[in-house]
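The next block holds one structure in the form of structure tokens; read it before the comments.
The values are calculated or read from the model by the stated rules, or taken from the named source; none is laboratory data. Keep in mind the model is a prediction, meaning the values are calculated, not measured. A quick note on method: Cβ atoms are made from the backbone with ideal geometry, for glycine too, and the neighbour counts reach across all protein chains shown. Areas reflect the complete protein model, heavy atoms only, side chains present, ligands, DNA and RNA absent. Shrake-Rupley method; radii C 1.70, N 1.55, O 1.52, S 1.80 Å.
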Amino acid sequence: MAYRVPFVDPRKHYQALKTEIDGAIIDCLTKGDLIYRQQLRDFEQSLAQFLGAKHAVGVNSGYHALLFALMGAGIGPGDEVITVAHTFVATVSAIVHCGATPVLVDVGPDYNMDPGKVEAAITPRTKALLPVHLNGRVCQMDRLMALAHKHNLVVVEDAAQALGARFDGRMAGSFGDAGCFSFYPFKALGGFGDGGALTTDDPEIARIATLLRFNGEDRETGEYHYHGQTALLDNVQAAVLSAKLPHLPEWIEHRRAVAAGYRQGLERIEELRLPHFDESRQFDSFQNYVIRTRRRDGLREHLRKEGVETLVHWPKPMWEHPGLKLLRRSLPETEAVCREALSLPMSAETTSEQVDYTTQKIREFFA
Ligand SMILES: Cc1ncc(COP(=O)(O)O)c(C=O)c1O
């Protein structure tokens, strides 16, 4: 079904930047620069500069950024890593695949790690905190970093959804030992396939991640230092991302304007909760605009019939997937969010007409 208001619009996104993107791709293909060439180094440098980080390491997904950041920070078998249950599964899979045990805590009403729930989850085996800056909003990093310092924990930030978001003026991904980003096509900065990067000021994490992504090989010496993985950020993706990165600030401003439009159109509907929290400290990049209502499924069906595409992130708690073999938890806010949250169309291409149409249809549902 073709939606009148699609969740995202990749074709429109490409058309808007066609000349720059085509130029970047053709340059790689013409030169034969496909793997581990200058375009990758250039993108890493631009990303590090954008975030104010000393090092950026391009990898082939946000998942690999998380995995290599954890491994680079020395997390492994026997260690526990505290993260949230309300996240994309890759956050938790990265912990499992480095051999550690994920310990899931609840989120607060802002969908992010509730700092008040962390201390009770710390045990003598806890080695790291892995906060997730969901939907383009940074966690309360002052409180989380204070806990990490108190208990001597590594902090790896999952900023897959939060490139360019800020808390107290500081960029997502710049608080802890490493920040992890995803360039999945529908992220605020997306490639034309999978991609990711980690950023860090720690030369050792950068060194280990750089080796792990290239099968453990030091390219200068040919020495294999680890059993690594085939997980480089492709050169062509890096070139495309370099062409797009300068546009990210204007795209984030556009997302914020879309969010402001939703807010204006949806305020004062009693059964609806909107995602606006502590905006004196937060600069949200609005990867997603998530509303909450007990009548979520009915609203979603109504919007579908009216041609508005929505998504549910995520309909059941992670521990209810038996294949993931996670400890059963009781995390009331996570469970409520699974029942109530609905993500509205949001992208750099979403128009004010689409926002008005969507808010009008939502108001009709609740009228
Ligand atoms: C919160 C979060 N963490 C991790 C990831 C993993 O990123 P990727 O899909 O690039 O592996 C994503 C991507 O969707 C995400 O949203």
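Some notes on this structure:
- Look at segment 346-361: where a residue is not assigned by TED's automatic domain parsing to the domain that holds G265 and surrounded by 15 or more Cβ atoms within 10 Å (Cβ to Cβ), no partner that is modelled with pLDDT of 95 or more and outside any helix (DSSP H, G or I) sits 6+ places away or on another chain with Cβ atoms under 9 Å.
- Single residue of L248, L211 found to be touching a residue at least 24 places away in the same chain (Cβ under 8 Å) and either assigned to a helix (DSSP H, G or I) or under 25 Å from L34 (Cβ atoms) (or both): L248
- Test result for G228, under 17 Å from A73 (Cβ atoms), in contact with a Leu (Cβ under 7 Å, 6 or more places away or on another chain), surrounded by fewer than 20 Cβ atoms within 10 Å (Cβ to Cβ) and assigned by TED's automatic domain parsing to the domain that holds T87: yes
- Matching residues, segment 118-157, being touching a Leu at 6+ places or on another chain (Cβ under 9 Å), within 16 Å of the ligand (Cβ to nearest atom) and part of a strand (DSSP E or B): A128, L129, L130, V155, V156, E157
- Among the residues of segment 86-104, those that are among the small types (G, A, S) and surrounded by fewer than 24 Cβ atoms within 10 Å (Cβ to Cβ) comprise A90, S93, G99, A100.
Residues checked against (1) in contact with a Ser or Thr (Cβ under 6 Å, 6 or more places away or on another chain); (2) closer than 22 Å to N288 by Cβ; (3) surrounded by 14 or more Cβ atoms within 10 Å (Cβ to Cβ):
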{"residue": "Y3", "(1), (2), (3)": "no, yes, yes"}
{"residue": "P10", "(1), (2), (3)": "no, yes, yes"}
{"residue": "Q15", "(1), (2), (3)": "no, no, no"}
{"residue": "E20", "(1), (2), (3)": "no, no, yes"}
{"residue": "I25", "(1), (2), (3)": "no, no, yes"}
{"residue": "K31", "(1), (2), (3)": "no, no, no"}
{"residue": "L34", "(1), (2), (3)": "no, no, no"}
{"residue": "Q38", "(1), (2), (3)": "no, no, no"}
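- Filter result for the condition that a residue is surrounded by 13 or more Cβ atoms within 10 Å (Cβ to Cβ), modelled with pLDDT under 95 and basic (K, R), over R329, R300: R329
- Top-ranked residue in segment 169-195 [being within 15 Å of the ligand (Cβ to nearest atom) and part of a strand (DSSP E or B); ranked as farthest from S343 (Cα to Cα)]: A178
- Segment 65-85: number of residues that are assigned to a helix (DSSP H, G or I) and either open to solvent by less than 30 Å² (accessible area, probe 1.4 Å) or free of Cβ contacts under 8 Å to residues at least 24 places away in the same chain (or both): 7
- Among residues of segment 48-64 being touching a residue at least 24 places away in the same chain (Cβ under 8 Å) and more than 22 Å from I35 (Cα to Cα), the one that is farthest from the chain's Cα centre (by Cα) is K54.
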